Amino acid sequence: MKHVIIGNGPAGVVAAETLRKADASAEIVLIGGEPEPAYSRMAIPYLLEGNIGESGTYLRKTAGHFANLRIRELQGRVVSVDTAQCKLLLADGSFETYDRLLIASGSHPVRPPIPGIGLPQVQTCWTLADARAIAELAKPGTRVLQLGAGFIGCIIMEALAARGVELTVVEMGDRMVPRMMTPKAGGMIRRWVERKGVRVLTGKGVQRIDAQDSKAGLLGRLKQALGAAADQTGDGPLMVTLSDGEAIPCDLVIVAAGVAPNVGFLDNTAVQVAKGVLVNERMQTSVTGIYAAGDVAEAPDLFTGAHLVAAIQPNAADQARVAALNMAGKEARLPGVLAINVLDTLGLISTSFGQWWGETKENGGSGVEFMDETNNRYLSLQFKEDVLVGATSIGHTDHVGVLRGLIQTRTRLGAWKDSLLADPNAFMAAYLAGAQKAA
């Protein structure tokens, strides 16, 4: 049996290792599209902060790790899949056959259609190559404008602030982290960030990006320092025009406007794709023998059963294990995807789990919020009948995993629901009461 895995990120690596444990004799091929060893994109901000070197981003630190497991690594980009012939075409013209295929191709940063977004000082922060370019440009005092204040944007913002840049963040949503935080929580994070010296503009977009005189720009100055002639190829300072007409001068623009699954190579195949690759609880796609996991997979939600992409590493690892076991002929099922977000924004810890936005009253929904801005603490609990289905917190670092546990186990709280509506901070007592009852 030959298993081929497209993508050597966390999902691909976990799947390859799980397959080897489940099938000692199988042939396993792990395809990665970049020249570097398998690494974690989530570690890139730590690299930019200077906390780790590039090797610190590697998913497996031991030399020869995959070779020792008899997992063949292949560098290349898959451009198409022939599901009838069970064959992949790579960008270099070579082919790779498979018996079982796992699509773990991850995602890519979205570049909005903004005039000037292709200028050399406009960077995404997604690959090690991106990190190297940003490290070269983002020196102390550099004027940086970041487009996007979502989950990934806030992680990047942390790294940029640590580099001592002069930072402005522009977010189209009405608050920071709008897909993770309630309005009150997002507003609290914004005020925290502004007190740390970052300018935050919400409810605005970038209309255009224009290059200025390159001789005065950051790259122009670097060229002059090296004795090279500055040119007019758009490597000077930038002028960013916002949707309200404000013009902001800067040296570097970081685009953190979200990500989209890598699914283009599946065009003209029978593999069903919505936002991501649609899979069932076994991580099986619409084509027999083809599975998907990680950022590219659109799997059933734990509560609603509706398909969603949950692009976080814990979900990627869980999905990869389930997919690999089924590929190896075992029986494994994913109970459902649970949204899990844990974020450190310039020292302020925030989390959200499950349906943090709540359930409608018509479906038995109710909720409660607690806010103590003086102490930078916030808590939102959302219920469906007497089951906790979602939670949002700021400033809670002790026992916050209890909220995830209550949601994931779908614990019926009974009378404890009313207690939590009266005092949401009593969630630990509710959890212990449930644990004692289960015992």
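The values are calculated or read from the model by the stated rules, or taken from the named source; none is laboratory data. In this text the structure is predicted, and so the values were computed from the model without any measurement. Positions of Cβ are generated from backbone atoms using ideal geometry, with glycine treated the same way; all protein chains shown enter the neighbour counts.
Just one of the numbered conditions (1) at pLDDT 95 or above; (2) touching a Pro at 6+ places or on another chain (Cβ under 6 Å) is not true of A316: (1).
For segment 406-426, the tally of residues that are within 23 Å of G336 (Cα to Cα) and out of contact with any Gly (no Cβ under 9 Å at 6 or more places or on another chain) stands at 1.
The numbered conditions (1) crowded, with 16+ Cβ neighbours inside 10 Å; (2) in the same structural domain as D210 (by TED's automatic domain parsing); (3) not in a strand (DSSP E or B) are all true for V287 except (2).
The residues of segment 300-324 that are part of a helix (DSSP H, G or I) and touching a Lys or Arg at 6+ places or on another chain (Cβ under 8 Å), listed by number, are V322, A323. The lone criterion from (1) over 30 Å from E194 (Cβ atoms); (2) charged (D, E, K, R); (3) in contact with a Lys or Arg (Cβ under 7 Å, 6 or more places away or on another chain) left unmet by E369 is number (1). With respect to the stated conditions, V387 fails to be in contact with a Ser or Thr (Cβ under 9 Å, 6 or more places away or on another chain), outside the structural domain of G186 (by TED's automatic domain parsing), closer than 27 Å to V198 by Cα and among the hydrophobic types (A, V, I, L, M, F, W, C). Filtered by the rule that a residue be closer than 15 Å to R404 by Cα and either among the aliphatic types (A, V, I, L, M) or surrounded by fewer than 21 Cβ atoms within 10 Å (Cβ to Cβ) (or both), segment 340-355 gives I340, N341, V342, L343. Please verify whether E281 is outside any strand (DSSP E or B) and of a type in the set (D, E), treating the condition exactly as stated. Considered against the rule, which asks whether it is outside any strand (DSSP E or B) and of a type in the set (D, E), E281 comes out as yes. Residues in segment 325-339 that are crowded, with 18+ Cβ neighbours inside 10 Å and either charged (D, E, K, R) or assigned to a strand (DSSP E or B) (or both): V337 alone.
I'd like to know if segment 332-344 contains one or more residues that are at pLDDT below 95, within 20 Å of the chain's Cα centre (by Cα) and charged (D, E, K, R). Checking segment 332-344: at least one residue is at pLDDT below 95, within 20 Å of the chain's Cα centre (by Cα) and charged (D, E, K, R).
Determine whether segment 364-374 contains at least one residue that is of a type in the set (D, E, K, R), under 30 Å from L278 (Cβ atoms) and not assigned by TED's automatic domain parsing to the domain that holds E158. No, because not a single residue in segment 364-374 is of a type in the set (D, E, K, R), under 30 Å from L278 (Cβ atoms) and not assigned by TED's automatic domain parsing to the domain that holds E158. Can you name every residue in segment 202-214 that is within 16 Å of M239 (Cα to Cα) and either assigned to a strand (DSSP E or B) or not charged (D, E, K, R) (or both)? Of everything in segment 202-214, those that are within 16 Å of M239 (Cα to Cα) and either assigned to a strand (DSSP E or B) or not charged (D, E, K, R) (or both) turn out to be G205, V206, Q207, R208, I209, D210, A211, Q212, S214.
Only a single item in (1) of a type outside the set (D, E, K, R); (2) buried (at least 16 other Cβ atoms within 10 Å of the Cβ); (3) at negative phi is not met by G358, and it is number (3). Taken over segment 5-52, the criterion of being in a helix (DSSP H, G or I) and either of a type in the set (K, R) or without any contact (Cβ under 8 Å) to a residue 12 or more places away in the chain (or both) is satisfied by R20, K21, R41.
Residues in segment 177-193 that are part of a loop (DSSP other than H, G, I, E, B), in contact (Cβ under 8 Å) with a residue 40 or more places away in the chain and of a type outside the set (V, I, T): M180, M181.
Per this entry, D318 is counted among residues that are over 14 Å from the mean Cα position of the chain (by Cα), crowded, with 18+ Cβ neighbours inside 10 Å, under 16 Å from G276 (Cβ atoms) and charged (D, E, K, R).
Within segment 208-264, if we keep just the residues that are at positive phi and either surrounded by fewer than 12 Cβ atoms within 10 Å (Cβ to Cβ) or out of contact with any strand residue (DSSP E or B) (no Cβ under 6 Å at 6 or more places or on another chain) (or both), the residue that is modelled with the highest pLDDT turns out to be G245. Taking the numbered list (1) free of Cβ contacts under 8 Å to residues at least 60 places away in the same chain; (2) surrounded by 18 or more Cβ atoms within 10 Å (Cβ to Cβ) in turn, G164 passes all entries but (2). Determine if segment 136-147 includes at least one residue that is outside any helix (DSSP H, G or I) and within 19 Å of the chain's Cα centre (by Cα). Yes, that holds for at least one residue. Note on segment 376-387: residues that are farther than 18 Å from A415 by Cβ, part of a strand (DSSP E or B) and in contact (Cβ under 8 Å) with a residue 60 or more places away in the chain amount to 2.
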